[in-house]
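Have a look at the structure below, then the notes.
The values are calculated or read from the model by the stated rules, or taken from the named source; none is laboratory data. Because the structure is predicted, anything quoted here is derived from the model rather than measured. Every residue, glycine among them, receives a Cβ derived from its backbone with ideal geometry; neighbour counts consider all protein chains shown.
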Protein chains: 2
Amino acid sequence: MALAGGVGGAKLAWGAAALIAPDKLAIVGNVADDFELYGLHISPDLDTLLYTLAGVANPATGWGVDGDTRQMLDMLTRYGEAPWFGLGDRDLATHLLRTAWLADGVTLTEVTSRLALALGVGCRLLPATDDLLRTMIDTRAMGTLGFQEYFVRHRWQPVAERVWFQRGEVCRVTRQVREALESADLIVIAPSNPVLSIGPILAVDGMRDLLAKRRGPCIVISPFVAGRAVKGPADKLMRELSLESSPRGVAQFYAGLIDGLVIDRKDADAPQPGDIPVLVTDTLMLTGADKIRLAQEALAFGGNLKK
Amino acid sequence: MALAGGVGGAKLAWGAAALIAPDKLAIVGNVADDFELYGLHISPDLDTLLYTLAGVANPATGWGVDGDTRQMLDMLTRYGEAPWFGLGDRDLATHLLRTAWLADGVTLTEVTSRLALALGVGCRLLPATDDLLRTMIDTRAMGTLGFQEYFVRHRWQPVAERVWFQRGEVCRVTRQVREALESADLIVIAPSNPVLSIGPILAVDGMRDLLAKRRGPCIVISPFVAGRAVKGPADKLMRELSLESSPRGVAQFYAGLIDGLVIDRKDADAPQPGDIPVLVTDTLMLTGADKIRLAQEALAFGGNLKK
């Protein structure tokens, strides 16, 4: 059972899937980055998890489909459009099917399940909610930005003053997520951006309660190496929001929800939480072997903890 | 000024565009084959006209974009879908933009104008109507079929008993088509399928009146060569509906609307109309030169006729 955001979360999920029987593994994905482009419903984090677990992700970027082409985007450019989001041609099939099925009234949970099944993903890949949830970033210079505007269009450069989740209070945890969390022996929060990737999962109404009532332990793998994000704005954003990108800062962010913390060797000398067990290891996942080893160590560490 | 359906109509339109100043040429296209697939609004005849006039059509098929790829379709197949319509990757950009703009409340006329302008098409490309119009085929064996089901999925093999146009009576001629028809010195009905391509243009409320009140002559180029369609089911369908695929049959189909008929040499011995002038020439358009020559001959022939 893992809560995961984009590329970092997907790497860990892939490692876990190599170790755990499919029916024992559920991955809860962030949907607050979802957006519409040319009428298509795009779920970037679910797609990254989907493609990674299916073994078809682009290894160079971590997102998108391996070997994908840009014919549609080139033609859009010819029509005078300036597409700011990478929609590969194969990737489009995912968005078209999702959009068509959602329009038919199929839930995002069921859509995701169908896509995963078709690509041979055995474990459960579950959106945190089937309701509309959107990450919003209040910035000093540009006012309030939607996630994709902030992240893709402005390459997370604007200084954030606040991150909040539009409609978080009216988004419900799905039955499937509830069942997965209630039955989980171990919950692992992946090394994803705490604020932007895990934050919106925790913002879903009922999610924090479910985590607080966990039957097994919950651990988090810090997304930081030497206090810096491996990819993306996690450390920059933590600073801007007066949070620490240290082991202590991560533990504070998840206060009350976690029973253990996995950190990188390069953060062993940074401020520590003090009140929960810490596993120090190599958290950088460059190879398939790295992903499996980190998942294995996290499972062993978490399995020995008490709630 | 031309009324045109798919591939044959597009060839003539291309020839005419090579001869006539862009501001003097308007092409009215059939929209009754339009359909939705995965939520995309697809306008096959407008697209064929658009791509042909822009010089980007696939020369092998007459439709679709030259050099287009099938990555999206391959991925759809991987998802277990069995796509029955050829959606090329570049082609998708057209459908995505059209669908998004229509959803924003832009008319199909304006959408088509934007697409044409972006691809460098100088003449006006006008949908016959901005309203929803759908060709329906009553068949003996399979009941009533929508156009794409009949044409693409069943490859026009079912025997037709009747062709009709859903919502024809509530579809209005657009202002742009009205102005083009009212000001036309000459109207040319392209060598398109009379029943399936020109029939639905004539079914738009007000279109027959506008043609009847034409200020200049109207001619039609027969789509038949030796009594057979160059492409598609025109002759088969004429027979099934007790119409003749002869020059006489074509003239009867357009009775009251035309002042002259252009036929192929191979139909010179077939039954003739008798009451209107006939130009006998080579109507097969294999090369660019063929298209320009046929357009030129039609313009000269029509220009010398009286209404």
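No other residue among B:Leu76, B:Leu25 is facing chain A (nearest Cβ under 9 Å), surrounded by fewer than 24 Cβ atoms within 10 Å (Cβ to Cβ) and aliphatic (A, V, I, L, M) apart from B:Leu76. Of the residues in segment A:82-118, how many are facing chain B (nearest Cβ under 7 Å) and over 19 Å from the mean Cα position of the chain (by Cα)? Summing the residues that are facing chain B (nearest Cβ under 7 Å) and over 19 Å from the mean Cα position of the chain (by Cα) in segment A:82-118 gives 10. Picking from residues in segment A:28-57 that are under 28 Å from B:Gly67 (Cβ atoms) and within 13 Å of chain B (Cβ to nearest Cβ), the one that is surrounded by the fewest Cβ atoms within 10 Å (Cβ to Cβ) is A:Leu37.
Every residue, every condition in (1) touching a Pro at 6+ places or on another chain (Cβ under 7 Å); (2) more than 20 Å from B:Gly260 (Cβ to Cβ); (3) in contact (Cβ under 8 Å) with a residue 60 or more places away in the chain, yes or no:
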{"position": "B:Phe147", "(1), (2), (3)": "no, yes, yes"}
{"position": "B:Arg153", "(1), (2), (3)": "no, yes, yes"}
{"position": "B:Arg175", "(1), (2), (3)": "no, yes, no"}
{"position": "B:Ile187", "(1), (2), (3)": "no, no, yes"}
{"position": "B:Ala190", "(1), (2), (3)": "no, no, yes"}
{"position": "B:Leu210", "(1), (2), (3)": "no, no, no"}
{"position": "B:Arg215", "(1), (2), (3)": "no, no, yes"}
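Which one of these does A:Gly5 not meet: (1) under 30 Å from A:Arg214 (Cα atoms); (2) in contact with a helix residue (DSSP H, G or I) (Cβ under 7 Å, 6 or more places away or on another chain); (3) within 14 Å of chain B (Cβ to nearest Cβ)? Failed condition: (3).
Condition check ((1) in contact (Cβ under 8 Å) with a residue 60 or more places away in the chain; (2) within 26 Å of A:Thr135 (Cβ to Cβ); (3) surrounded by 16 or more Cβ atoms within 10 Å (Cβ to Cβ)) across all residues:
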site	(1), (2), (3)
A:Ala234	no, yes, yes
A:Ala251	no, yes, yes
A:Lys266	no, no, yes
A:Asp269	no, no, no
A:Asp282	no, no, no
A:Lys306	yes, no, no
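Considering only residues in segment B:119-138 that are aliphatic (A, V, I, L, M) and in contact with a helix residue (DSSP H, G or I) (Cβ under 7 Å, 6 or more places away or on another chain), the one that is farthest from the other protein chains (Cβ to nearest Cβ) turns out to be B:Ile137. For segment A:207-307, the helices (runs of 4 or more DSSP H) that sit wholly inside it and include 1 or more residues that are of a type in the set (Lys, Arg) and closer than 18 Å to A:Ala13 by Cβ are A:288-303. Limited to segment B:129-164, what total is found for residues that are closer than 16 Å to B:Ser43 by Cβ and surrounded by 15 or more Cβ atoms within 10 Å (Cβ to Cβ)? Looking only at that region, the number is 11.
In segment B:295-304, the residue that is farthest from B:Ile221 (Cα to Cα) out of those that are out of contact with any strand residue (DSSP E or B) (no Cβ under 7 Å at 6 or more places or on another chain) and in contact (Cβ under 8 Å) with a residue 60 or more places away in the chain is B:Gly303.
On the given criteria, is B:Leu257 at pLDDT 95 or above, surrounded by fewer than 23 Cβ atoms within 10 Å (Cβ to Cβ) and in contact with a Leu (Cβ under 9 Å, 6 or more places away or on another chain)? Yes. Taking A:Gly67 as the residue in question, decide whether it is surrounded by fewer than 17 Cβ atoms within 10 Å (Cβ to Cβ), at the interface with chain B (Cβ under 8 Å from one of its Cβ atoms), over 19 Å from the mean Cα position of the chain (by Cα) and assigned to a loop (DSSP other than H, G, I, E, B). No: the conditions fail for A:Gly67.
Suppose the filter is free of Cβ contacts under 8 Å to residues at least 12 places away in the same chain and within 21 Å of B:Lys11 (Cα to Cα); does B:Ala93 pass it?
Working: free of Cβ contacts under 8 Å to residues at least 12 places away in the same chain: yes; within 21 Å of B:Lys11 (Cα to Cα): no.
Criteria not met by B:Ala93.
Kindly provide the set of residues from segment A:69-107 that are of a type in the set (Phe, Trp, Tyr) and modelled with pLDDT under 95, ordered by number.
Answer for segment A:69-107, where residues must be of a type in the set (Phe, Trp, Tyr) and modelled with pLDDT under 95: A:Trp84, A:Phe85.
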